[in-house]
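Heads up: the structure comes next, in structure tokens.
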Amino acid sequence: TIAAGLTTGFVVSKQQPRYEATATVILDQSVPQYLGAGFRDVVEAQPTWWQSRETLETEFRRIGSRSHATAVAKALCQRQLDGGPALRVLVPGAQCKDPAELAQAAPKIQRSLRVTPIKDSRVVELSAQSTSPQFAALLANTVAQVYASENLERRLSHSAGATTWLGDEYHQLLTELRTAEQGLVEFKQ
């Protein structure tokens, strides 16, 4: 019993401490109303519980995906830690010029990250573990910031598409109006 206790104490004392930091994100499922709040398309009916659950599960998977981890690795190149890019904690000697460094860091980020949905809510906890408390905090915050940025880019892209479509519709209707007005003038003459 004493030998087992001493062995366990010796092994535990030699282990490097692991730190965990958590960032919280709220997943937004609202559909942008490009034509105003008063206009609702037939397709945009309120989602059912199952559709909401599917959407949330998809977002959980997206946050933990390799492509998201690669984007986080790229963002870590822009953040400084201990006088160099923060990516160096995962890829020693990284210069952030080689895409292979990002590819090498992505699975390490995925292993360090835990995505935990809060029951009966749209809140998600993003927990990052590291032997460095500063890097754990930086990683958790960077994962949340990259996710928010990707969502904003996606919404802006959809808005740009809607703007283009509305502009095309406007010009087509304007052309039809002018043709109809011209036909009315000719009819009166």
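The values are calculated or read from the model by the stated rules, or taken from the named source; none is laboratory data. Everything numeric here is computed off the predicted structure, so don't read it as measured data. Every residue, glycine among them, receives a Cβ derived from its backbone with ideal geometry; neighbour counts consider all protein chains shown. In case anyone asks, the SASA skips ligands and DNA or RNA and just uses the protein heavy atoms, side chains included. Shrake-Rupley method; radii C 1.70, N 1.55, O 1.52, S 1.80 Å.
Overview of values
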quantity	calculated
Accessible-area ranking of Leu81, Leu184, largest first, probe 1.4 Å	Leu184, Leu81
Label-point separation in nm, Thr163 to Glu181, each point 7 Å along Cα→Cβ	2.7 nm
Leu81 long-range amide H proximity, modeled H, under 5 Å	Ala86
For Ser112, net neighbour charge (Lys/Arg +1, Asp/Glu -1) across residues whose Cβ lies under 11 Å away	+3
Within the accessible area of region 96-162 (1.4 Å probe), percent carbon and sulfur	54 percent
Charge context of Ala140, other residues only, Cβ under 15 angstrom, K/R +1, D/E -1	+3
Other-chain or far-sequence residues with amide H under 5 Å of Gly64's (modelled H)	none
